[in-house]
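Okay, structure first, notes after.
No lab work stands behind these numbers, since they all come straight from the coordinates. Predicted model only: the values in this text are computed from it and were never measured. Neighbour counts are summed over all protein chains in view; Cβ atoms, including those assigned to glycine, are modelled from backbone coordinates with ideal geometry.
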Amino acid sequence: MSRKKRYPLRIPRSASGIRAQETRGGSARSWWAKKWRTALERMGGLLGRFGRGRNYAMSGQIVSLGMEGPHVEATVVGSRPDPYKVTISFRAPDDAAHDRIVAALRAEPMLVARLLTDDLPLEVEAIFRREGFDLFPGGKIAERVYDVTTKCSCPDWANPCKHSLAVLFILGEECAWRPATLLELRGITMEELCDED
């Protein structure tokens, strides 16, 4: 008779970092917030991993978070004495695709105006898709190759781990409130879209 391997229960250390504001799906008020959440659920594989990542985000386990274009770095407090280092990289368009996306958005001033008022027109996603890019995490470039890479210093073999999912959860809340963040994670800034050259 085979026995299931039992792992010890690990409770994260107390932290007072960035806390998710979601209460029972409250931040998923827009189509793009719902789409981000669905993408995370797919990336999290088992619902348990997604739930643990959400719990980490809601309990303030992320003690630092920095975003520079498509690169995100965070520190997440787990069950071990030293916090984990999480890095997340979103695939950004190459120079030619970047220029075409910016030109297409600037050709439609109403799209840019709506982004400035924290609204995300569906047409923006379509412009990215025409260039072969997804605005949301978890899109596949090829079989088993995703357009978002996550790395964590934790010993968990799963990718993304609960620490990475917690960071993605917080990023999703930022995108829910300010959808221009979705473009910034792909390397396109609002300054570029508003610049008159």
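Here are the numbers for this structure:
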{"quantity": "Cα→Cβ-extended label distance, 7 Å offset, between Asp99 and Lys85, nm", "calculated": "3.6"}
{"quantity": "Extension gain (nm, one decimal) between Asn55 and Asp119, 0.36 nm per residue minus Cα-Cα", "calculated": "20.3 nm"}
{"quantity": "Kirkwood Rh, Cα atoms: Rg over Rh of the stretch 34-125", "calculated": "1.07"}
{"quantity": "Relative pair counts by distance (%), Cα atoms of the stretch 40-197, 10 Å bins", "calculated": "11, 39, 31, 16, 3, 0"}
{"quantity": "Under 13 Å from Lys162, Cα to Cα: aspartates and glutamates that are on another chain or at least 8 residues apart", "calculated": "Glu41"}
{"quantity": "Stretchable slack from Trp157 to Met67, in nm (0.36 nm times residue separation minus alpha-carbon distance)", "calculated": "29.9 nm"}
